[in-house]
Amino acid sequence: MTSEMLLANKYLHVINDRGKRRLPLQRVYRNIRCKGLFLKAYAKLYANDGSTTPGSDPNDTIQGMSLKRIETIIRQLENGSYEWKPANRKYVPKANGQQRPISIPSWNDKMVQEVMRIVLEAYYEPRFRNSSHGFRPNRGCLTALKSIQKEWTGVAWFIEGDIKSCFDNIPHETILKILSRDIQDNRFLKLVKGMLQAGYVEDWVYHQTHSGTPQGGVISPLLSNIVLHELDKWIEDELIPKYTKGKKKEANPEYQKLLSKRSNTKSRALRRESRGVDAEIVKADWEEYTELGRKLRQIPTQMTHDPSYRRLRYVRYADDFLLGFIGSHQEAIAIKEEISEFLSILGLEVSQKKTLITNAKRDKARFLGYEVGISIDDNKVTKYKTDGRKRRSVNGNIKLSVPADVVTKWCRKYTKKGKPHQRGYILDRSDYDIVNTFGQEIRGLQQYYALASTGRSGLNKVRYYCMESLVHTLAAKHKCKRTDIFKKHKRKGQGDEMTHIAVIIEREGKRPLIAKCGEKSQKRIEPEYLADNIVPPYVVQSTRSELVERLLKEECELCGKKGPLEGHHVRKLADLKRQWQGRKTKPNWVKEMIARKRKTLFICTECHLEITLGKYDGERIR
């Protein structure tokens, strides 16, 4: 590891420690002008699919990335001449049919934003609450859902919260005010302000930005988390204590009365048995005992509406949050209104259409693509090892379900007019790539809904249509019958695998490449992410980066010339393979990237210019 990287890691460890101890930061602007931080930012960003997407300046892209560009940015930051460029505004479709605006920064701006993000994350991550799971290291949708599943037993009401256009509406003054409490550096705050107010270009027309952290920006998710951390603190430190009362729910008098009667019936039956009373009388006592047991299972052991007992739970993922409340409906309405009032102080507004109060026993809340409800089954009992008694074991437990519309949506992806249909746009790919594409989709869906306890059978339907669509696609590519594809690629399951479609590519001296689709049923899928329910703590990453080492080596990977290098990037290696597939001769730079299995090639300026102009066909010096 280079000295620049070691210096960057040392600085991140220092500010991480200050974040843990709630100490302010000073001289941030001076310390971000560190080459090691920019190298870490480059190593983090280059692999993203959007790294090659241009911003408003078509000349400011990742192509030609070099140490000289990093030094130029640092020099501009040092003399105060660095200027943010407006982002390139694009629109992507949302699930509800509307359009979501995405702002794409230029590459230099991405680099500076990533350096700022690395520093702010190291400082603020130890301060964030465990209830926050969105856009954080080692956390995600499944950690949020697991915390609900584990800790929310017995909730009576769900309060579904959604902040209206959160990213676009956060006031710049709120962001800067919150940052200024902890960061005592006006030059850094001015840099943040300049980024927020850089504006965007849409259809070649410049627009100013008066509020919001633009979606698509590298640092935007972290800035929104820093603002919404104020909501987390207020709910956990003020709202939850306010709506927390009592140690335990009061025992249900009706249940206790029946329990005492049942115990007396059992004692009477045992006495009569020991005294040799008529068998019919004893039998009647035992039948009464059994009937009382059935009645007990229909009655709650505790008062379900105990006014002396209240609990409030909270979890947030980005701008979506969910609260679970044990109490009355009127109090749930009051909680919703209090949250709305607090968000208005931050300059944000709750979406009234999406912020709902749901009865946990009768209905289900919608959160992160799951349906969240409460299990109620008086007949499901479990024998406990401690005392050997049978107790109702599922009542009040959180039940996560796969929504029916999710199954419908995914089935439509693989069908046309209700029947499996081929995917024409991937017919030019190899069999291995086609099977791998379908396999990754269905495995990702199955793994995401591995926490679901109900509705899993619907995903088996999706699996069936996925495999049928795959077979139709392969049959269309080879212009043959479906039965021919099954004969060639159908594989019997081994172990916990089911019959599935597979393509195997044998390699000399190496393990074969295997692409599979549909090898597991949803019933056999177990959640792999954080199986022990423990979220690892945040640590400053100090691992070596092969990308950085190759850049610092200063030896052209094509001609071997010594000197400064430039990076040649492709969006995906698969795109490069597809582009040159079937051609008898390929340029040596293409062969080199495919052989290295890398999306980047570090070469001298001359070689890079020749590649850009489409003229390079030299041999690599070995």
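The values are calculated or read from the model by the stated rules, or taken from the named source; none is laboratory data. Note that the structure is a prediction, hence the values are computed from the model and not measured. Quick reminder, even Gly has a Cβ in these numbers, built from the backbone with ideal geometry, and neighbours come from all protein chains shown. Remember, those area values only see protein heavy atoms, side chains included, never the ligands or the DNA or RNA. Shrake-Rupley method; radii C 1.70, N 1.55, O 1.52, S 1.80 Å.
Taking amide H positions as modeled 1.01 Å from N, with prolines and chain starts lacking one, the residues under 5 Å from Ser351 and 5 or more places away or on another chain are Asp162, Ile163, Lys164. A straight Cα-to-Cα reach below 17 Å connects Lys266 with the aspartates and glutamates Asp278, Glu280, Asp285, Glu287, Glu288, Glu291, residues fewer than 8 places away in its own chain not being considered.
For a straight C-alpha distance cut-off of 27 angstrom, the lysines reachable from Lys510 (same-chain residues fewer than eight places away being disregarded) are Lys487, Lys488, Lys490, Lys492, Lys520, Lys572, Lys577, Lys584, Lys586, Lys591, Lys597, Lys599. Sorting Lys516, Lys487, Lys553, Lys354 by accessible area puts them as Lys487, Lys553, Lys354, Lys516; the probe is 1.4 Å, largest comes first, and only protein heavy atoms count. Straight-line cross-link reach from Lys245 at under 17 Å between alpha-carbon atoms covers no lysines, not counting any fewer than eight positions away in the same chain.
Extension gain for the segment Arg294 to His329, taken as residue separation times 0.36 nm less the Cα-Cα distance, is 9.5 nm to one decimal. Between the helical axis of 172-182 and the longest alpha-carbon principal axis of the chain there is an angle of about 80 degrees.
Mean silhouette area of the stretch 1-92, derived from the convex hull of its C-alpha atoms and averaged over all directions, reads 8.2 nm².
Summarised as an ellipsoid, the chain has semi-axes of 54, 36, 22 Å, derived from the eigenvalues of the Cα gyration tensor scaled by 5 and square-rooted, with the largest first. Sorting the segments 453-460, 261-268 by their mean number of nearby beta carbons within 10 angstrom, highest to lowest, gives 453-460, 261-268.
Averaging the Cα positions of each part gives two centres, and for the stretch 103-157 and the stretch 536-583 these lie 28 Å apart. Only lysine pairs 8 or more places apart, or on different chains, with alpha-carbon atoms under 19 angstrom apart are counted in the stretch 291-407, and they number 13.
Compute the long axis of helix 457-478 from its Cα atoms, compare it with the longest principal axis of the Cα atoms of the chain, and write down the angle in degrees, 0 to 90, nearest 10. For 457-478 against the chain, the angle is about 30 degrees. Applying 1/(1 + (r/R0)^6) with R0 = 25 Å to the Cβ-Cβ distance of Gln256 and Asp378 gives a FRET efficiency near 0.90. Applying the Kirkwood pairwise sum to the alpha-carbon positions of the stretch 227-320 produces a hydrodynamic radius of 17.3 angstrom. Residue ranges 143-156, 502-515 sort as 143-156, 502-515 when ordered by packing (mean number of other C-beta atoms within 10 Å per residue, highest first). In the chain, the longest principal axis of the Cα atoms and the axis of helix 141-151 are about 20 degrees apart. Full extension of the chain segment joining Gln541 with Asp428 gains 36.7 nm, where the gain is 0.36 nm per residue of separation less the Cα-Cα distance. What is the distance in Å between the Cα centres of the stretch 340-378 and the stretch 1-61? Cα centroid of the stretch 340-378 versus Cα centroid of the stretch 1-61: 37 Å apart. In terms of the mean number of neighbouring beta-carbon atoms within 10 Å, the peptides 463-469, 299-305 order highest first as 463-469, 299-305.
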